[in-house]
Amino acid sequence: MDPMKHLSFIFICFALLFSFHARAETILAVGDEGIALELAPWLYYAPAKKAGNIDAVKKLDARHWQRLTPTYNNRIGVAAFWVKFSIYNPKRHQIDRILSLANPHIDLASLYHVVNGEVIDRIIMGDSLPFTESLIINNNFIYTFQLEPNVLHTFYLKIETQGSASLPLSLSSPNSFAKDVETSSLSNGFQLGALTAIGLFSLFIAITSGSFSYSYYAGYVLSVTLLVATLHGYAFRFIWPQWPLLQQYMIPFLIPMAIFFALLFTEKILQLKHHNLPMLRLCRYGAGFSILLALLAPFLNYSLSLYVNIITVLVVTTLMMVMALIQAFKGHKLAKLYTLAWSGMLVGSFVTSAMYLGLVDLPISHLTPLMLGLLFEIIFMAAVLAIRYNDERKAKLKTQQEAAIQAQRSREAWEHAQRVEARSNEKLESMVQERTLELEIALRELNEANQKLTEQATVDSLTGVKNRAAFDKRLLAEGRLSRRQQTPMALLMLDIDRFKSINDNYGHLAGDQALRLIAQTLKEQLKRPGDLVSRYGGEEFAIILPNTGEEGAMQVAELIRQTISELPISWKKHSIPLTISIGVSAEIIERDQDPTKLLEQADKALYRAKNEGRNRVMVYSQPL
């Protein structure tokens with residue numbers, strides 16, 4: 001060994017021996033371990049009021065330094081303090097190490113790297129600075145350095161923060177650091193991915209269904225997702241890296257917003273409007289207070305705001321659990337499931353809040369209980385919401401079925417009343433028949449005349465089928481029936497191909513004969529009493545097919561087209577070739593104007609059939 005290095009090593013040994021007895025300070029000897037080493041046992045602290053700068057703090061003797069314990073700094077709003085630790089490399093070769101401070105919410109951390117009493121490096125870290133000023137891109141605060149053999153390295157950190165002063169410092173080799181980053185990224189990514197997926201899924205359901213329950217739940221999950229991303233440092237890294245001021249206010253803002261949506265969601269899922277009005281008012285008062293707390297976040301001291309938010313979380317989670325238990329004991333099915341889901345959030349928030357307030361010290365991260373409880377609560381609550389949505393859907397379906405049954409009963413009652421009235425009229429007519437014979441004959445003649453007038457008003461005189469007026473009236477009636485019963489309705493528009501040439505070549509009488517024959521054929525092809533064929537105008541016919549979908553309408557139209565094309569039509573020993581084009585449109589009527597729309601669609605389909613060669617059936621399709 002080189003004599004100078006040998007003397008240096010002896011000097012360090014004496015220094016270490018002296019430090020063990022004089023200062024009672026433990027110095028970390030760094031080996032070749034491949035795992036991250038937690039530095040908590042080697043950390044010492046001194047209040048910053050005893051030394052304001054690095055020169056002053058280096059002069060502090062052992063009496064001013066105390067071992068750093070969680071009871072001192074694992075709280076919110078701790079006064080500025082210095083942290084010190086020393087390490088050396090007993091190996092014969094140089095090693096690389098990475099120092100990591102896994103608390104991304106430290107406002108300001110000033111790191112001084114001291115070797116042989118001289119500051120060889122100084123960096124300023126913290127979320128009060130833009131993220132882009134970080135030396136190494138990472139959610140945590142990172143410092144890389146090299147340890148020469150038998151050289152004592154001392155590090156001083158001045159911690160200034162209004163939030164949590166927890167100092168999870170660790171020392172890693174590059175390989176172990178990369179593995180830890182990969183593991184934490186995978187874990188946090190899975191958690192954030194699950195929360196984001198659930199939140200967006202709930203949001204899409206809320207938009208499509210118009211459900212307030214899903215809207216509030218989506219707001220709650222997305223607020224919590226952004227809060228978790230902020231707590232882990234991902235939001236500062238990827239969303240607002242240039243706005244450190246925004247980083248200071250997002251946590252005090254997001255916590256009350258999550259509480260706001262949680263209270264409104266609780267109100268809906270427990271159906272407090274129908275079961276407990278005092279609880280309903282309590283939820284809404286709490287939601288109003290949460291909004292006020294979120295708006296006041298920029299104007300309150302950060303430490304005070306965090307304390308208020310933590311206490312609010314404890315009070316609100318307890319309150320919601322009590323309300324759920326009360327409703328569960330009353331037999332509310334969803335309240336029982338809600339209680340089970342919320343229990344995880346209640347336990348997690350209590351443990352995390354107690355750790356932030358310095359009431360409990362556990363060998364885990366402050367956020368771990370909250371994250372576990374939160375993930376359990378959100379996943380389970382999604383299942384509760386799905387059950388609620390399914391129950392609502394079944395109730396709506398049952399209501400529709402009952403409405404349909406009631407409508408059927410109403411029609412049957414009306415028909416019965418009509419039959420009773422008819423029998424009463426017959427009996428009355430029988431009683432007065434002898435005395436009013438002449439009047440009865442006159443009334444019968446008048447009735448026959450009225451029937452003929454009615455028939456003439458609704459029947460096309462040339463073809464014998466219904467006319468345009470009867471068609472329009474029937475179209476509206478069948479449209480209302482389709483809308484009420486939610487059954488499809490089909491409309492066929494028919495036009496005789498090249499009808500003008502028939503009139504021109506054979507005369508109008510031949511054209512009239514062709515119209516009569518086609519009308520008679522259409523009536524014969526329609527088997528159901530409810531189907532209606534009418535002359536729409538000129539050589540056009542229209543057919544209404546109630547309770548018929550698009551496929552059935554196409555089959556009827558194709559059968560009619562084929563039958564017409566095979567008709568043996570002749571005039572004065574001249575065979576007349578005759579074909580028709582048909583446009584088809586079918587759908588369930590939803591609005592009063594939809595029957596007219598259905599007619600327009602069938603007409604467009606007919607126009608398309610004409611343009612594409614005639615003698616064919618075309619169904620209406622939406623334009624691209």
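Values in this text are rule-based calculations from the coordinates and carry no lab data. These figures come from a predicted structure and were not determined experimentally. Virtual Cβ from ideal backbone geometry, glycine too; neighbours counted across all protein chains shown.
Worth pointing out:
- Once you reduce region 493-552 and region 90-122 to the center of their Cα atoms, the two points are 94 Å from each other.
- Mean ellipticity per residue at 222 nm, deg cm²/dmol - from DSSP H runs of n ≥ 4 across the chain, formula -39500 (n - 2.57): -19500 deg cm²/dmol
- Taking region 3-172 as the region of interest, the number of lysine pairs whose Cα atoms are within less than 24 Å, with members eight or more places apart or on different chains, is 14.
- Proxy reagent accessibility, fewest Cβ within 10 Å first, across Thr71, Thr579: Thr71, Thr579
- Other residues lying with their Cβ under 15 Å from the Cβ of Phe145 contribute a combined charge of -2, Lys and Arg counting +1, Asp and Glu -1.
- The trypsin sites (Lys or Arg not before Pro) found in region 54-106 that occupy coil by DSSP, while having at most 16 further C-beta atoms within 10 Å, are Lys59, Lys91, Arg92.
- Using R0 = 35 Å, the C-beta based FRET efficiency linking Lys572 and Ala457 works out to 0.55.
- Protection proxy ranking of 100-108, 172-180 - average other beta-carbon atoms within 10 Å, highest first: 100-108, 172-180
- Set against the labelled values (1) 1.69; (2) 1.09; (3) 1.23, Cα Rg over 2.2 N^0.38 Å computed from this structure falls on (1).
- Measuring gaps between exposed loop sites in the chain (GluC sites (Glu not before Pro); DSSP loop; at most 14 other Cβ atoms within 10 Å), the longest gap, sites not included, is 34-433.
- Extension reserve of the Asp472-Asn505 stretch, reckoned as 0.36 nm per residue once the Cα distance is removed: 8.6 nm
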